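So the structure is just underneath, and the comments pick up after that.
The values are calculated or read from the model by the stated rules, or taken from the named source; none is laboratory data. Keep in mind that what you see is a predicted model, and the values were worked out from it rather than measured. Glycine also receives a Cβ, built like all others from the backbone with ideal geometry; neighbour counts cover every protein chain displayed. Each accessible area value is taken on the protein alone, full model and side chains, heavy atoms only, with ligands, DNA and RNA left out. Shrake-Rupley method; radii C 1.70, N 1.55, O 1.52, S 1.80 Å.
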Amino acid sequence: MKRVGNLYDPMISDGNLERAIHDVNASHRWLPRHKPNKTVAWVEEDIPARVKKLREIIIGIIDGTVSLTPPLKKRRYDRSAGKWRDINEPLLWPDQYVHHALVQVLQPAMMKGMDRYCCGSIEKRGIHYGVKTIKKWMKNDRKGTKYCLQLDIRHFYDSIQPRFVVDRMKRLIKDRRVLTLVERVVEHGVLIGIYCSQWFANTILQPLDQMIHQAEYKVSHYLRYMDNFTIFGPNKRKLRKLLAAIRAWLAEIGLEVKGDWQIFPTASRLPAALGYRFGRGYTLLRKRNLLRLKQGLARYRKRKRQGRRISRRLAAGLLSRLGQLRHCNHVGVYQRMNVEGAQRELKDVVRKYTRKERITWNISSGQAA
């Protein structure tokens with residue numbers, strides 16, 4: 001692939017920096033309980049001056065006179081995955097603005113080699129993009145989806161070494177000053193919670209995506225959601241050979257396949273990915289997601305029996321769970337659980353809360369009515 005150059009001037013241009021400021025501010029304007037974010041308010045007081053200052057900071061980082069602050073690490077429990085995660089929160093100013101300005105100029109180069117079915121942290125390639133794709137494969141290509149290989153990478157983000165990210169970026173871009181900024185950004189690691197990390201993580205796996213599509217492995221269909229691989233093929237022996245090749249490739253950059261990988265015939269077992277199980281012409285919710293839906297409904301009905309108030313958090317969370325049913329065969333679930341009546345009441349709870357908030361707060365100015 002031809003490397004991209006002359007990215008430094010577009011990166012520090014007024015337009016790119018203003019866009020970075022707008023994107024960061026859009027998602028950080030409000031703190032809990034409708035408290036305005038003072039940093040965002042300070043940035044928006046005089047955007048031309050902040051653009052100028054941000055440009056000076058980026059130049060200083062590249063020159064080595066300014067350094068980014070190590071992110072604040074917080075440990076949080078991920079209920080959907082059922083495990084604890086270390087989330088890293090960088091400073092809002094200037095770190096997050098620098099990250100956005102960098103990714104905005106690198107994104108076209110990184111997207112050039114991106115596999116069509118590489119999903120996660122990419123615009124318009126979320127969970128339901130992958131769900132629709134696997135549904136189509138399972139329904140229309142019985143021979144090509146005879147066998148399925150599923151695997152993921154052990155401690156993916158924690159195991160990525162910054163030097164391999166820099167080596168990969170050197171193959172995509174040739175602007176030395178931008179490469180220096182990449183080195184400074186990943187100095188503390190490719191960490192969960194940093195905007196750049198999801199892009200760098202996808203980028204270093206691009207050569208692996210290309211290798212998987214090689215003819216010798218006879219892969220019919222391949223989808224990757226970050227570090228979760230779902231691979232279909234007509235030949236079980238070829239899939240085992242591919243698994244060995246993936247392990248060898250990952251070992252070269254210090255990564256390894258998690259021990260719970262599986263190869264199985266789809267005729268006797270449904271492939272499970274992205275929160276669903278996929279059959280021939282039908283789709284089911286995964287067991288753990290269905291269990292959490294049942295638990296949420298049980299809490300809701302218990303509160304109703306006790307005459308207790310249904311909180312907005314419970315209602316919104318349960319509605320989100322019910323929304324998953326729209327993308328699978330859900331008629332039986334609706335009938336068994338009497339979901340339809342509960343759904344109407346939950347929506348009323350959220351609407352009532354939203355109306356109250358609109359009356360109490362002027363969202364555009366952050367002042368009480």
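Between Leu255, Leu208, Leu243, Leu239, which is under 27 Å from Arg168 (Cα atoms), in contact with a Gly (Cβ under 7 Å, 6 or more places away or on another chain) and at pLDDT 95 or above?
Leu239
Could you please find all residues in the stretch 261-290 being open to solvent by 60 Å² or more (accessible area, probe 1.4 Å), more than 16 Å from Tyr225 (Cβ to Cβ) and either of a type in the set (D, E, K, R) or in contact with a Gly (Cβ under 7 Å, 6 or more places away or on another chain) (or both)?
Hits for the stretch 261-290 are Arg269, Arg280, Lys287, Arg288.
Where the second residue is open to solvent by less than 60 Å² (accessible area, probe 1.4 Å) and part of a loop (DSSP other than H, G, I, E, B) and the first is closer than 11 Å to Cys148 by Cβ and lies in the stretch 255-267, which pairs have Cβ atoms under 7 Å and are six or more apart or on separate chains?
Cβ pairs passing all conditions: Thr266/Thr145.
Does the stretch 54-113 hold any residues that are part of a helix (DSSP H, G or I) and without any contact (Cβ under 8 Å) to a residue 24 or more places away in the chain, and which are they?
Glu56, Gly60, Asp63, Met111
Kindly provide the set of residues from the stretch 1-35 that are under 16 Å from Val182 (Cα atoms) and among the acidic types (Asp, Glu), ordered by number.
Within the stretch 1-35, just Asp9 meets the criteria.
Checking the condition open to solvent by 40 Å² or more (accessible area, probe 1.4 Å), closer than 27 Å to Glu340 by Cα and among the charged types (D, E, K, R), which residue from Lys241, Lys302, Lys236, Lys258 passes?
Working: Lys241 fails: closer than 27 Å to Glu340 by Cα; Lys236 fails: closer than 27 Å to Glu340 by Cα; Lys258 fails: closer than 27 Å to Glu340 by Cα.
Unique residue meeting the criteria: Lys302.
Tally the residues that are under 12 Å from Tyr225 (Cα atoms) and out of contact with any Lys or Arg (no Cβ under 7 Å at 6 or more places or on another chain), restricting the search to the stretch 118-132.
10
Can you report the number of residues in the stretch 213-233 which are surrounded by fewer than 16 Cβ atoms within 10 Å (Cβ to Cβ) and either over 15 Å from Asp141 (Cα atoms) or not basic (Lys, Arg) (or both)?
4
Which of the residues belonging to the stretch 163-183 are surrounded by 18 or more Cβ atoms within 10 Å (Cβ to Cβ) and either within 16 Å of the chain's Cα centre (by Cα) or among the basic types (Lys, Arg) (or both)?
Result: Arg168, single match.
Whether any residue in the stretch 147-162 is farther than 23 Å from Leu270 by Cβ, outside any loop (DSSP other than H, G, I, E, B), open to solvent by less than 20 Å² (accessible area, probe 1.4 Å) and not β-branched (Val, Ile, Thr) is what I want to check.
Checked against the condition, which is being farther than 23 Å from Leu270 by Cβ, outside any loop (DSSP other than H, G, I, E, B), open to solvent by less than 20 Å² (accessible area, probe 1.4 Å) and not β-branched (Val, Ile, Thr), the stretch 147-162 yields at least one hit.
May I ask you to say which residue of Ala20, Ala41, Ala49 is assigned to a helix (DSSP H, G or I), among the hydrophobic types (A, V, I, L, M, F, W, C) and at pLDDT below 95?
Exactly one residue qualifies, and that residue is Ala41.
Considering only residues that are touching a residue at least 12 places away in the same chain (Cβ under 8 Å), outside any loop (DSSP other than H, G, I, E, B) and open to solvent by less than 50 Å² (accessible area, probe 1.4 Å), which ones fall in the stretch 325-342?
Result: Leu325, Val333, Met337, Val339, Ala342.
Grab the helices (runs of 4 or more DSSP H) fully contained in the stretch 167-283, keeping just those with 1 or more residues being of a type in the set (Ser, Thr, Tyr). Before you say what the answer is, go through the steps one by one.
Details: elements: 176-185, 195-204, 206-212, 236-252.
So the answer is 176-185, 195-204.
Which of the following residues is within 19 Å of Ile194 (Cα to Cα) and surrounded by 11 or more Cβ atoms within 10 Å (Cβ to Cβ): Pro36, Pro10, Pro71?
Pro71
In the stretch 23-33, how many are out of contact with any helix residue (DSSP H, G or I) (no Cβ under 8 Å at 6 or more places or on another chain), within 22 Å of Tyr353 (Cα to Cα) and part of a helix (DSSP H, G or I)?
The qualifying residues number 3.
When the residues of the stretch 91-117 are filtered to those that are farther than 30 Å from Leu290 by Cβ and in contact with a Ser or Thr (Cβ under 7 Å, 6 or more places away or on another chain), which remaining residue is most open to solvent (accessible area, probe 1.4 Å)? Step through it out loud before you land on a result.
Looking only at the stretch 91-117, we keep the residues that are farther than 30 Å from Leu290 by Cβ, and these are 91-116.
In the following step, the residues that additionally are in contact with a Ser or Thr (Cβ under 7 Å, 6 or more places away or on another chain) were identified as 91-93, 95, 110.
On the way: Leu91: 86, Leu92: 25, Trp93: 50, Asp95: 4, Met110: 1 Å².
The extreme case among them is Leu91.
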